[in-house]
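Please treat every number below as a calculation from the coordinates, not as lab data. Not measured: the values here are computed from a predicted model. Quick reminder, even Gly has a Cβ in these numbers, built from the backbone with ideal geometry, and neighbours come from all protein chains shown.
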Amino acid sequence: MSQTETAPALAEGVDTPTPAVGSSTLLVRSLRLWRTRIGALLTLILVFVAFVGPLLAPHASDEFIAKPFSSGSASGTVFGTDYLGYDVLSRFLYGGRGILLTALVSTVIGVVLGVVIGLVAAYARNALDDVLMRLMDVIMAFPQIMLALVAVSLVGAKNSVIIFAIALTTAPRVARVARGAAQPVVERDFIGATEAMGMSRARILSGELLPNILGPMMVEATLRLTYSIAVIAALAFLGLAANPDAANWGIMIQKNQVALAYEPWGALLPILAIALLTMGTGLIGDGIARTAAGIDRERGEE
Amino acid sequence: MTGSGEKRWHVTEPEGGLWTPSRRGLVMGAGGVVMTAGLTACGGGSAPAPSGGDTGAAGSPKKGGNFRLGVTGGGSKDMMDGQNIVTKPDQARLVTAFETLLEFDDNYQLQTTGLAESVEADNPKQYTIKLRDGITFQNGKPLTADDVIYSLQRIGTQKNGLTGFAATATMDIKNLKKLDNLTVRLPLLSPDSTIPQTLASYTFGMVPKGYEAFKGDPSTQIGTGAYKLKSFTPGQQSVSERYDGYWRDAYFDQVTITDFSDSTAQINALKGGQIDAMTDLPANQVNAVKSSGVEALISQTGGWIPICMAIDMPPFDDPKVRQAMRLIIDRQQILDQIGSGHGQIANDLYSPFDAGYDKDLPQREQDIEQAKSLLKSAGKEGLTVDLHTTNGASGMVELASVFASQAKQAGVNITVKNDPNYYGDAYLKLAFSVDFWGTRGYLNQVQQGSLPSSPYNETHWPPKSGEGSNFGDLYKQALAETDDAKRADIQHEMQKAEYDIGGYIIPYFNSLIDGHSSKVAGLKPSKGTLNLAGFGHGFRTIWFA
Amino acid sequence: MKFLRGGGIAGFITRRVLLGLLVMFLVSVIVFVSTQLLGDPARAILGRDATPDRLAALQKQLNLDSSKVGQYFHWLGGILHGDLGTSLASSQPVTQVLGARIANSAVLVVLAAIFSVPVSIAIGSYAALRREKLFDTLSSNLMLVLAALPEFVVAVLLVILLSTNVLHLLPAISPVPPGTHAWDYPDELVMPVATLVIAVAPYVSRIMRASMIEVLESDYVEMARLKGLPERTVLIRHALPNAIGPVFQVIAINLAYLAGGVVVIESVFNYPGIGLGLVDAVTNHDIPVVQALAMLIAAVYVVLNLLADVATILVTPRLRTRL
């Protein structure tokens, strides 16, 4: 509803848009901050666990070990067995890949879509801008989890449906931020200059506008990835996952939480993994935002 | 049953069981032996319960209290009807207020403890029902023959859409006749030895003449049962109060039935004392809850969750493929994984409590090598097939998943399809699917699921030619057979065909596991269909200690 | 839209309301079209009992044969008159089915707002004043951790901690029996509300901190300081009003998110609100209820954003002057 006219460009949970800075500079400089480093380390560790984990698992993800919720000592495993009597550690090591891939794919689609829409709207500065942003408002009127829930219940919990629902709800939120960040750039002189040179609209958008908003977009993308993971986990928690008994962190939480009080690892490991991953991406985003703000301040002082 | 909360409960009633030898002759014997009242301790006919002198022994029942039951599987589809249910909370609500002519005891044996003092077979095509005197509905009006006729005709009228309709197929509903105020004659269209079981099914509740289902006014819900509906909000809660003129003993002042969306919330509420009992405690929680003052009531029932192969659809139109599938499954492991060991290994046959259940057929065991060679000779090596399932009853989805991983050993690649719209769209049209059933007698079950005319025939049994093609004829013979031994022989022949080339894979008979607080007394395991031992036999045989 | 520019605050509000109505109209079209995908409601209601005769009877009863366009305008007209139709699952008016649920969810969301907004504004502002100092570091990191925990994890951990296993202080579930009000059971509201506060506070405090830092570095705050105004006056009269504007947006978005996102929390606490109502309606293919809830949640989003926009303009001096 907002932003198109006077209100400052703001989107949920993201700091005020950072000014244009070269993306590689921003990344490198943000890594000077300890919080960015910790964030990167956490993220790397969990991505490693998710993608290499299956190679390290002591058992197959569907190898029956002992009765459900047996303790580690009773079942001869490190973390005991889960709700179907499978090895918790192995299920955990197998369970990250799916959720990370789904989150990653849906976020990338949503962010790309959102950035394109945001840039086109910002550059258009006319009725197209209004129409696009109204459409984004309409989609945003449906909370992410609600839309995903309805879509999954309608069509069935297929991965493609989950990805579609998350990408669709991610795009307008990204579009608003992208548009907000691009608007001041559009007003700058050099854009007018490129227009005068007869550069095509696509070239201007991708070659001139995009590089100038990469900073805020990177922050936004990490934030969106975090939300996507949370939504997928929440869907799994509500029992809506593609394969309801697959080794998957979200499903592990849902199915094993009933034993959280006495045989906790089956739920606790994936909870920790998702929390640490979320923290990691959050710290990275925070670090980039702070760095950008710092660069901005330096410039202001110049 | 396992970790996930049960989301939905679909109708599987009415149930019923065949006569067991102990009851032989009581109904079908020559000349029609009368089933007399007072066979068991809880036989009625007496005035409303005395209560003052009951405080003697510690274990004797006490009056009072609000019994709060938490039930999963409900939702806004919840309803109240003395002869119909849609969800599991509906079952609990039905038995608060409505009672049947005959009743099953905890051993799944028929008893004349219900509203009828006797149900007598005058000849194979005619029964006489004699009501107990002095029973009143909750509005004080006495129960009469007119009410029984109205009740049976209501079920037997197809457009009413009641669950018991299919079971009235043999009844000559139009010609029910009132002999006197307490006696009804029930003529049959064809001989049916399962009539008494049908009359004991809980969806054959007796309702007053002119009765209609709940449409917003609790005062319309008048039964003969112990508790009268006070308020009801579908998807959330119903409250019932004790009817003081009830013809038997009942102890609670009030019964509150609350819907739960999730079994974890149910367990938490039970542990925290916010409810007194819960349905469907996950099997893997039985030991865990014991440490926190919660008791588990484990009833071995005849309920089953089959994997169904449609015998006329590829690849299962080849009996060798069906046979291979039945050899792939590791029944004990499935019981351990999904039922945490609570249940009984099954042998691809149903109705284990039926007197005609063939216990002599060899127990089928996992045999991967033979399965592989059967598949090879059928030209189906490396078979790939979709297995459809849904969250209809707890364990259905897990069974599909676990079977799929077991099948990998035989090189069979099974993809589990969990479809929320399964029962709406695809049901009964699938080659390979999972379903669920409750306790039922063999012939009642055949009528429901294994005949061309059955409402729920997932396997498209019986075959049109060859072994098993005489299944329908055998069923008719068995229905008409009055000699138990001879009927058992016919049933064995039917089961042999199903065992050899049938479409069901039945891994185990599940237990019903319910949780209750230790202050609830009077609960005993029961073989019947309903949870919590027939919901505490209509909430009248349990009390707060 | 562009042709409607001008007119000061009144004009601004008028434009916003018109835009809101436009969005709601588009939402209604999308809701109606997409719920048609739910398939044959009669079949869905009957489920395993969908024998041909029962199916035919129900389809006739539900009047599923009129044209789609006609059905849409009939439905839209009903909404405008406050008639949301009849629930397919329970055969009761949708308003009756949802009335208590809406009230229950509103209680949760309002309580969560009452507790989380002041606390997170205070934390965010103080962290901005103490930038890079101990309080800032501690609160920022705590908020980061809390934001990282999915809300169902927070809810489950609270139950274990406060109700079932460690301490036995609070009821584990909050069922709110029909006919009673959520506020009749204050002890049952503690944990659901606490979960929501924990879910919302990190975002609000984070944006408050960022916004406050920006304002504190701005020229006019500098100016106010140079004028020799006391620091307290500078903060409360000059910095806070300007910093809080953007925060309204975030609060609005978070509250709107709560309206649709309480589903997980309601599931954990068995709390009869609109979240569980939505899950139930979707499972039962109860189209009128799904439509009503989708419209309601979208309306909440639109109205909250409208209020946030207006509040931002009214509260922020530097924006007000631009109108």
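The Kirkwood hydrodynamic radius of region B:189-332, based on inverse pair distances between different Cα atoms, is 20.4 Å. Once you wrap a convex hull around the alpha carbon atoms of region B:302-509, what is its projected area averaged over all directions, in nm²? Dividing the Cα hull surface by four gives the mean projection, 10.6 nm². Diffusion coefficient of the protein assembly as shown by Stokes-Einstein, Kirkwood radius over Cα pairs, 4 °C, 1.567 mPa s: 40 µm²/s. Computing FRET efficiency as 1/(1 + (r/R0)^6) for C:Ser67 and A:Phe190, where r is the C-beta to C-beta distance and R0 is 56 Å, gives about 0.50.
For chain B, the C-alpha radius of gyration sits at 0.96 times the compact-globule guess of 2.2 N^0.38 Å, with N the residue count. Among B:Asp360, B:Asp249, the order by Cβ neighbours within 10 angstrom, fewest to most, reads B:Asp360, B:Asp249.
Rounded to two decimals, the Cα radius of gyration of region C:99-284 over 2.2 N^0.38 Å is 1.20. Each peptide in B:505-518, B:86-99 gets a packing score, the mean of other Cβ atoms within 10 Å over its residues, and the list from highest to lowest is B:86-99, B:505-518.
In straight-distance terms, cross-link reach from B:Lys209 covers every one of the lysines whose alpha-carbon lies under 24 Å from its own, apart from those fewer than eight places away in the same chain; here that gives B:Lys130, B:Lys141, B:Lys159, B:Lys174, B:Lys177, B:Lys178, B:Lys228, B:Lys230. In plain terms, the bigger the Kirkwood radius, the slower the diffusion; for region A:163-302, with that radius from Cα pairs, at 25 °C and 0.890 mPa s, Stokes-Einstein puts D at 136 µm²/s. Computed across chain A, the Kirkwood radius stands at 20.8 Å (inverse of mean 1/r, all Cα pairs). Computed per residue of chain C from DSSP H runs no shorter than four, each worth -39500 (n - 2.57), the mean residue ellipticity at 222 nm is -23500 deg cm²/dmol. Per-residue mean of other chain beta-carbon atoms within 10 angstrom of the beta-carbon, peptide A:148-156? Taking the mean over all residues of the peptide, I get 6. Counting other Cβ atoms within 10 Å as a rough exposure proxy, the listed residues C:Ser267, C:Ser218, B:Ser469 run B:Ser469, C:Ser218, C:Ser267 from fewest neighbours to most.
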